[in-house]
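The block underneath contains the structure these notes are about, expressed in structure tokens.
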Amino acid sequence: MKDKGVIRLDYFTVLLPEEETIVFRTTIPRENPVIDSIIDIVPGAYSAELEIHDLLGVIFKGNEFLKRGFFAPSDIVESGVYPLRRG
Amino acid sequence: MVDKVIEIPVSVEIPVGPQHPALHEPVLLKAYADGEVVVKVEVNTGYNHRGIEKLLEVNSFYKDIFIVGRVCGICNTVHTNVYVRALEQILGVEPCRRARYLRVLAMELERIHSHMLINAVMAEVIGFDTLFMNIMLDREKVMKAKELLTGGRVMADYMMVGGVRRDLSDEDAGRLARIISSVRERLEYYKKVFEEDITIGKRLVNVGVLKRRDAVSHSLLGPVARGSGVRIDARVSDKYDAYDELKPEVVVRDEGDSWARMMVRWGEALISADLSLRVLQSLPRDCNPVPDEKKLPRKLPAGEAYTRVEAPRGELTYFVMSDGGVNPYRVKIRTPSFTNIINSAFLYEGYTIADLPVILASLDPCISCMERALVTDLKTGSRKVIPFTELSRGGGKWGSRGYYLQ
């Protein structure tokens with residue numbers, strides 16, 4: 001989404017018991033990628049939010065566990081690069 | 001009063017996902033114990049980040065089929081299957097029935113050997129080495145069956161856009177049926193062993209109890225969720241490939257402990273064996289399942305695809321996005337271990353250190369090598385590395401009350 005200057009976030013949700021998949025789609029600006037965390041509603045989003053923060057630099061407001069280096073090695077963290085960002 | 005905290009970083013090798021891909025994947029469990037009781041566990045990741053998703057973005061769609069197969073050694077067939085189905089969705093290609101049946105056969109064989117492997121590992125973790133050897137011996141038969149079908153004992157590279165890489169002759173189908181029948185008898189025997197053996201029961205029953213509510217809210221998947229009474233199975237709900245015709249039975253247990261998770265796996269392995277035999281009996285002959293790759297377009301049309309597959313460890317999802325070029329714009333992989341291991345740190349709390357490896361193994365993290373634990377005595381500051389299995393057996397210096405340093 002580099003042309004539009006946004007980061008798109010898709011929340012894939014599987015609803016039990018029918019296992020229907022519902023996608024919540026939202027976009028946030030690249031310059032200020034901040035969005036409210038859903039970890040208080042869905043604790044299962046913990047791993048996903050940590051991963052997206054580490055690799056794309058999205059800040060989930062309210063998630064106290066956010067940290068760099070969840071996946072990325074320390075040299076990448078020190079250089080301040082988000083590996084999966086385009087452009 | 002807590003007057004001593006023993007920090008135990010347990011270094012095990014597990015495949016958590018493409019972010020830390022492949023088979024030999026170290027993860028660090030930092031366990032904080034009060035005496036023998038675990039009070040807190042932190043899961044530290046990032047020791048083997050290979051950047052597979054980035055790699056997929058710089059290679060062509062067709063090369064990526066082989067890269068996603070290398071995400072995980074044990075479940076390479078499901079990874080390629082779910083990726084190939086995403087490409088088929090974007091392209092609008094539909095494989096014929098014979099190809100879809102053969103895909104199911106390959107994936108079910110993989111499920112049998114994966115479930116046998118983790119049950120063998122569990123036997124080893126609780127100190128039952130003979131059972132480990134026996135299960136691994138019988139697992140070799142399944143590997144042989146997989147070799148007959150796909151040509152590769154471990155890495156299959158079996159899936160292709162629009163079909164599979166090689167057809168199955170009638171002669172080989174007969175051999176496969178004989179192998180699977182003999183494995184099925186052994187699976188029944190092992191299931192009985194896990195049901196009736198007193199030692200296994202003592203180590204697994206009521207250890208790592210996971211409530212249904214926690215399993216759902218923490219997004220736990222696969223046999224872990226099904227062992228807690230959550231009926232979730234992508235094979236039944238998505239009906240991909242030939243599962244709409246074969247209709248597999250879903251094994252669900254309500255106990256929620258480590259034992260229930262292992263029993264779900266034995267039940268599923270038996271059903272997979274039955275399913276494989278049914279596939280071999282009713283293999284359609286409607287077409288040649290091996291497509292001509294040269295006819296496929298080099299560039300894929302712009303579009304997105306989201307596919308799910310029931311991997312041995314749970315639901316595996318892929319999101320593939322194409323912008324009309326030769327390479328994918330974005331491939332997102334979410335593996336079942338990614339949520340099952342990272343989100344389940346709460347599961348260890350309240351159990352003893354000797355239960356920690358049992359609970360971890362019951363989540364199927366694919367422990368494949370010698371694991372080690374680091375025990376730190378905060379009073380003296382000394383650190384000692386001890387084998388993970390020795391810790392789990394509760395014997396010797398580190399077991400039982402041996403290191404209760406008061």
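So how do B:D64, B:D3 line up by other beta-carbon neighbours within 10 Å, fewest first?
B:D3, B:D64
Using only Cα atoms, find the angle between the long axis of helix A:46-56 and the longest principal axis of chain A, and express it within 0 to 90 degrees, rounded to the nearest 10.
40 degrees
Take the alpha carbon gyration tensor of segment B:52-137, find the square roots of its eigenvalues, order them as a ≥ b ≥ c, and report rounded if a/c is under 1.5; if not, report prolate when a/b exceeds b/c, else oblate.
oblate
Determine ³J(HN,Hα), in whole Hz, for all residues of segment B:83-98 in sequence, where each value follows from phi through the Karplus function 6.51 cos²θ - 1.76 cosθ + 1.60 and θ = phi - 60°; x replaces Gly and Pro.
Each residue of segment B:83-98 in turn: 6, 5, 5, 5, 5, 5, 5, 5, 7, x, 9, 10, x, 6, 5, 4 Hz.
Hey, which of these cross-link pairs are over 23 Å Cα-Cα: B:K54/B:K299; A:K67/B:K332; B:K247/B:K294; B:K141/B:K191; B:K63/B:K294?
B:K247/B:K294
Determine the shape class of segment B:99-257: with a ≥ b ≥ c the square roots of the Cα gyration tensor eigenvalues, call it rounded for a/c under 1.5, and otherwise prolate if a/b is greater than b/c, oblate otherwise. Intermediate values should be presented prior to the final figure.
Values: a/c = 2.38, a/b = 1.33, b/c = 1.79.
Note, shape of segment B:99-257 comes out oblate.
Sequence-distant or interchain residues sharing an amide H contact under 5 Å with B:R253, placed H: which?
Sorted by chain and number, the residues that satisfy this are B:G227, B:S228, B:G229.
Using the Karplus curve 6.51 cos²θ - 1.76 cosθ + 1.60 with θ = phi - 60°, what ³J(HN,Hα) values do you get for each residue of segment B:295-310, in whole Hz, with x for Gly and Pro?
Karplus-based 3J(HN,Hα) across segment B:295-310 equals 7, 6, x, 6, 9, 9, x, 5, x, 10, 9, 10, 10, 10, 9, 8 Hz.
Would you grab the residues whose amide H sits under 5 Å from the one on A:T27? Only those 5+ places off in sequence or on another chain, please, with H modelled 1.01 Å from N.
Excluding prolines and chain starts, which carry no amide H, the hits are A:L9.
So what are the ³J(HN,Hα) numbers for segment A:6-22, from phi and the Karplus equation (6.51, -1.76, 1.60; θ = phi - 60°), rounded to whole Hz, Gly and Pro as x?
Result, rounded to whole Hz: 10, 10, 9, 10, 10, 9, 8, 10, 9, 8, 8, x, 7, 6, 7, 9, 10.
Loop only by DSSP, 14 or fewer other Cβ within 10 Å of the Cβ. Give me the chymotrypsin sites (Phe, Trp or Tyr not before Pro) in segment A:41-73 that pass, ordered by residue number. Write down the numbers at each step before the final one.
Working: sites: A:Y46, A:F60, A:F65, A:F70, A:F71; in loops: A:F65, A:F70, A:F71.
Qualifying residues, ordered by number: A:F65.
Calculate the dipole size of segment B:55-334 relative to its Cα centre from +1 charges on Lys and Arg beta carbons and -1 charges on Asp and Glu beta carbons; express the result in debye to the nearest 20.
Working: 45 positive and 40 negative charges, 65 e Å.
Rounded to the nearest 20 debye, it is 320 debye.
Would you please classify the overall shape of segment B:240-369 from the alpha carbon gyration tensor, given that a ≥ b ≥ c denote the square roots of the eigenvalues, rounded means a/c under 1.5, and beyond that prolate means a/b larger than b/c while oblate covers the rest?
It comes out oblate by the Cα gyration axes.
Since every read-out is calculated from the coordinates, none of them should be taken as a lab result. Being a predicted model, the structure only gives us computed values, none of them experimental. Cβ coordinates were reconstructed from backbone atoms using ideal geometry, including for glycine residues, and neighbour counts include every protein chain displayed.
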